[in-house]
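Below is one structure; the comments refer to it alone.
The values are calculated or read from the model by the stated rules, or taken from the named source; none is laboratory data. Predicted, not measured: the structure shown is a model, and the values here were computed from it. Cβ placement follows ideal geometry from the backbone for every residue including glycine, while neighbour counts extend to all protein chains displayed. Ligands, DNA and RNA are excluded from the accessible area calculation, which covers all protein heavy atoms including side chains. Shrake-Rupley method; radii C 1.70, N 1.55, O 1.52, S 1.80 Å.
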Amino acid sequence: MAENTLVRRTPLYDAHQAAGGKLVEFAGWQMPVQYSGVLQEHRAVRTAAGIFDVSHMGEFRVSGKGAEGFLQAMTPNDVAKLKPGRIHYSGLLTEQGTYVDDLLIYRFAEEEFLLVVNAANAEKDLAWLQGHNDAGVTLEDVSSDYGLIALQGPKAEAILSELTSTDLTAIRYYAFVEGEVSGRATLISRTGYTGEDGFELYLAPEDAPAVWDRLLDVGGPAGLVPAGLGARDTLRMEAAMALYGHEIDDTTTPLEAGLQWVVKLEASDFVGRQALVEIRDAGLTRKLVGFNVEGRGIARQGHKVIAEDEEVGFVTSGTFSPTLERAIGMAYVPVSMATIGASLSLDIRGKVVPAVIVDLPFYKRAK
Amino acid sequence: MYPDTLRYSKDHEWVRVEGDVCVIGITHYAQDELGEVVFVEVPEPGQEFDAHEEIGTIESVKAVAEVFTPVTGEIVEVNAALADSPELINQDPHGEGWLVKVRFSSQGDLDGLMDSAAYEKFLEDGE
């Protein structure tokens, strides 16, 4: 593979090389797409645990007087209701109510927040926030301050508890604490993108490799494996979690993406609110649905949904589900067609293949 | 890694000549690039194809790859085991993971293929 100086390496680059990771360029970063194989890594996360390098994610600190009000005006979820030590899922929306990006908001204190954004959008997001920062809150790109490891799977808590004195049982879903892992200061967040229980560990970049190695040492006997972007994608698809550039982008709104729960129209005004109110009042024209492919093959992003020889929708994501052992996907279809159990026709590389709309998510873990 | 008994195409297919029939599969390199195979689509016996024509597709979780026949001829047999066990392509790409058998009509089609040494060099040179 040709060297490209414009492609960045995470603090875990050497660890990926050592573990035999197959590296690809993703959003300007050299990232492992897989180690042993997507299916095996996927199943390890569903049955035991996996660790993912997600250091490419962007992080911004928003602080100072007016920080809460700024985020309240910039994001559709209700920041006023977010307590310190808690996290919520939200987004940045355009005036049209479509997505600039989706993100997580961590609240540290009354006027101190951390935003975690998609790597591919980090630059755009920062410019967008700066462009709206009339109140002059402190807005810092702190992405390079963090190495980020996602530890996911039913055995995540048991494995991590062997490496930390922090009480993990006290960390609820979508909550975080500033603790330690292997003696290294770590922001431990009970979040993830797999549909499993797990943690995301925010570390100083220089501490990330040691923690990665300790997780492999301690977790290995329990079935923990390093997992790449390939498994991350199949896991998030089974859990029906949206991915920017697929289910959501600057042409789609949270309402049609099934993310209306993120949008608090009655809480306060925010960028995109007026458009969303109008869309809600007028009624949606299309909706994101999940489908099982009934024939052979995998419907992938951009494949058409057809009805009576007309294109009526499009596939946003599709894969082979390792858990269900069948091809699954998500697509935008007209609201009139968006009924559980209804049949769809998909154009998979020129061949019409039947599919059936199913309830989302495809996979839900047993509690 | 690449048996001397096979001949190789630049599209990463291999061919094993058995009398007037060619057994065709994809190479170790091709399966490794694709990752775990989950669906295989091959033509029906009796169908005829020209050399370099697409005869089927192989899908992994990550990607889909077209398969091209290196030789002109008629499909005489397909590997039925792949329908239930597509992973054979990953496990044994040059053996149990074969795709189709083609009765070929022109010896000349084989001349354009590489031997194992040439294919290995082709891979080293970066396609």
Considering only helices (runs of 4 or more DSSP H) fully contained in the range A:151-240, which possess at least 3 residues that are in contact (Cβ under 8 Å) with a residue 40 or more places away in the chain and farther than 30 Å from A:Ala327 by Cα?
-> A:156-161, A:208-219
Candidate set: the range B:16-66, residues that are of a type in the set (A, V, I, L, M), more than 30 Å from A:Ser317 (Cα to Cα) and in contact (Cβ under 8 Å) with a residue 60 or more places away in the chain; chosen: the one farthest from the other protein chains (Cβ to nearest Cβ) | B:Val17
Going through the range A:107-148 in order, the residues found to be exposed (fewer than 13 other Cβ atoms within 10 Å of the Cβ), among the polar types (S, T, N, Q) and under 25 Å from A:Ile188 (Cβ atoms) are A:Ser144
When you look at B:Glu96, is it open to solvent by 50 Å² or more (accessible area, probe 1.4 Å), assigned to a loop (DSSP other than H, G, I, E, B) and under 22 Å from A:Glu325 (Cβ atoms), yes or no?
-> yes
Pick from A:Ala227, A:Ala239: which is at pLDDT 95 or above, buried (at least 17 other Cβ atoms within 10 Å of the Cβ) and within 25 Å of A:Thr339 (Cβ to Cβ)?
-> A:Ala239
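One line per residue, one yes/no per condition, for (1) in a loop (DSSP other than H, G, I, E, B); (2) touching a His at 6+ places or on another chain (Cβ under 6 Å); (3) under 27 Å from A:Gln34 (Cα atoms):
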site	(1), (2), (3)
B:Tyr2	yes, no, yes
B:Lys10	yes, no, yes
B:Cys22	no, no, no
B:Gly46	yes, no, no
B:Ala65	no, no, yes
Can you tell me which residues in the range A:154-174 are more than 22 Å from A:Asp207 (Cβ to Cβ), surrounded by 15 or more Cβ atoms within 10 Å (Cβ to Cβ) and under 20 Å from the mean Cα position of the chain (by Cα)?
-> A:Pro154, A:Tyr174
Only one of these is open to solvent by 30 Å² or more (accessible area, probe 1.4 Å), without any contact (Cβ under 8 Å) to a residue 12 or more places away in the chain and over 30 Å from A:Gly20 (Cβ atoms): A:Asp269, A:Asp281, A:Asp249. Name it.
-> A:Asp281
Within the range A:25-43, is even one residue hydroxyl-bearing (Ser, Thr, Tyr), under 25 Å from A:Arg365 (Cβ atoms), open to solvent by 20 Å² or more (accessible area, probe 1.4 Å) and within 14 Å of chain B (Cβ to nearest Cβ)?
-> yes
Which of the residues belonging to the range A:49-87 are among the aliphatic types (A, V, I, L, M), touching a helix residue (DSSP H, G or I) at 6+ places or on another chain (Cβ under 7 Å) and over 23 Å from A:Tyr202 (Cβ atoms)?
-> A:Ala80
Specify the residue that is nearest to the other protein chains (Cβ to nearest Cβ); the eligible residues are those in the range A:310-334 that are open to solvent by 20 Å² or more (accessible area, probe 1.4 Å) and part of a loop (DSSP other than H, G, I, E, B).
-> A:Glu325
Selection within the range A:298-309 - open to solvent by 10 Å² or more (accessible area, probe 1.4 Å), modelled with pLDDT of 95 or more and part of a strand (DSSP E or B) | A:Lys304, A:Ile306
In the range A:88-106, which residues are open to solvent by 10 Å² or more (accessible area, probe 1.4 Å) and acidic (Asp, Glu)?
-> A:Glu95, A:Asp102
Okay, strands (runs of 3 or more DSSP E) sitting entirely in the range A:43-147 with 2 or more residues that are touching a residue at least 60 places away in the same chain (Cβ under 8 Å) and among the aromatic types (Phe, Trp, Tyr), I get A:99-109
